[in-house]
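Participant: My questions all concern the structure below.
The values are calculated or read from the model by the stated rules, or taken from the named source; none is laboratory data. Remember, predicted model here, so these are calculated numbers, not experimental data. As a convention, Cβ positions derive from the backbone with ideal geometry for all residues, glycine included, and neighbour counts pool all protein chains shown. To get the accessible areas, we keep the full protein, side chains included, count just its heavy atoms, and leave off ligands, DNA and RNA. Shrake-Rupley method; radii C 1.70, N 1.55, O 1.52, S 1.80 Å.
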Amino acid sequence: MDYNMSNLIPYIPASEYDKVAEDFLGLYYPEALVKPTPVPIERIAKEELGLDIQYVCLSEELDIYGMTIFSEGSVEIYDPEEGLYDSKIFKRKTVLIDPEAVKKTNIGCRNNTIAHECVHWYKHRLYFKMQHFTLPRQAKYCKCGVEQLPYATEEEDIMESQAVAIAPRILMPKTPFVEAATQLNIGYGKDNWKAICQLADFYDVSKQSVKIRLEECQLM
Ligand SMILES: [Zn+2]
């Protein structure tokens, strides 16, 4: 995998998404590559990546579900009790998750959001490091929106789509996931609902996320 040397964003063609997820697990939780295994992503984020995960409200409209802070600085958060936005200083390596906004995402589960922020840290911290040199006075963070954020730059959109695509692949790595789905007899034209529920329970992700993953793996 290469980087765009002008901004240090990795080039990741869609055909390499599974490989990037497998590399991540190879480093931080290789047992998930051997057989179907739930991935304890919150523990990996904290203990292996050293991220501090905090659950806070990020916006009144619930349109931002996650943020990763790449350099210490002031970040705007929302206080739902007061109905006001407030600025607060957060340290580098803090991940902020808005549990209510997570429910509005397509994938709708906390584990996927944590995996998503892990991808930002794992693959995009060089980009933000470079931003820190070019624009030192601004806090460096990425904002993850339920919908595409209207003010996002092209670079931010690229990184966002990488994290969206790779996060479920970390939680449900392809080979063992296909093995688990095959054991449950999932296939085209069948009533797969019960098996989807079982997989969602097993991997601790949403049923919607399992469905998308099954389609990506061409199992249904
Ligand atoms: Zn994101």
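Participant: Which residues, taken from region 73-88, are open to solvent by 30 Å² or more (accessible area, probe 1.4 Å) and touching a strand residue (DSSP E or B) at 6+ places or on another chain (Cβ under 7 Å)?
Facilitator: Across region 73-88, the qualifying residues are 74, 76, 79, 85, 86, 87, 88.
Participant: Test of understanding: among 156, 215, 117, 147, which residue is within 16 Å of the ligand (Cβ to nearest atom) and surrounded by fewer than 17 Cβ atoms within 10 Å (Cβ to Cβ)? Spell out the reasoning first.
Facilitator: On the way: 156 fails: surrounded by fewer than 17 Cβ atoms within 10 Å (Cβ to Cβ); 215 fails: within 16 Å of the ligand (Cβ to nearest atom); 117 fails: surrounded by fewer than 17 Cβ atoms within 10 Å (Cβ to Cβ).
Every option except 147 fails the conditions.
Participant: Sticking with this structure for a sec: Could you please let me know if residue 208 is free of Cβ contacts under 8 Å to residues at least 12 places away in the same chain and more than 16 Å from the ligand (Cβ to nearest atom)?
Facilitator: On the way: free of Cβ contacts under 8 Å to residues at least 12 places away in the same chain: no; more than 16 Å from the ligand (Cβ to nearest atom): yes.
No.
Participant: Those residues that are open to solvent by less than 40 Å² (accessible area, probe 1.4 Å) and not in a loop (DSSP other than H, G, I, E, B), I need them from region 132-144; list them, please.
Facilitator: Within region 132-144, 140, 142, 144 qualify.
Participant: Wholly within region 7-98, which strands (runs of 3 or more DSSP E) include no fewer than the required count, namely at least 3 residues that are of a type in the set (Ser, Thr, Tyr) and under 19 Å from residue 167 (Cα atoms)? Break it down stepwise before answering.
Facilitator: On the way: elements: 9-11, 52-55, 64-71, 73-79, 84-90, 94-97.
Passing ranges: none, list empty.
Participant: Here are the criteria: (1) within 16 Å of the ligand (Cβ to nearest atom); (2) open to solvent by less than 80 Å² (accessible area, probe 1.4 Å). Tell me which single one residue 179 does not satisfy.
Facilitator: Unmet condition: (1).
Participant: Restricting to region 95-106, give me the number of residues that are open to solvent by less than 30 Å² (accessible area, probe 1.4 Å) and modelled with pLDDT under 90. Lay out the reasoning, then the answer.
Facilitator: We begin by selecting, within region 95-106, every residue open to solvent by less than 30 Å² (accessible area, probe 1.4 Å); these are 95-98, 101-102, 105.
Remaining after also requiring modelled with pLDDT under 90: 105.
Selection size over region 95-106: 1.
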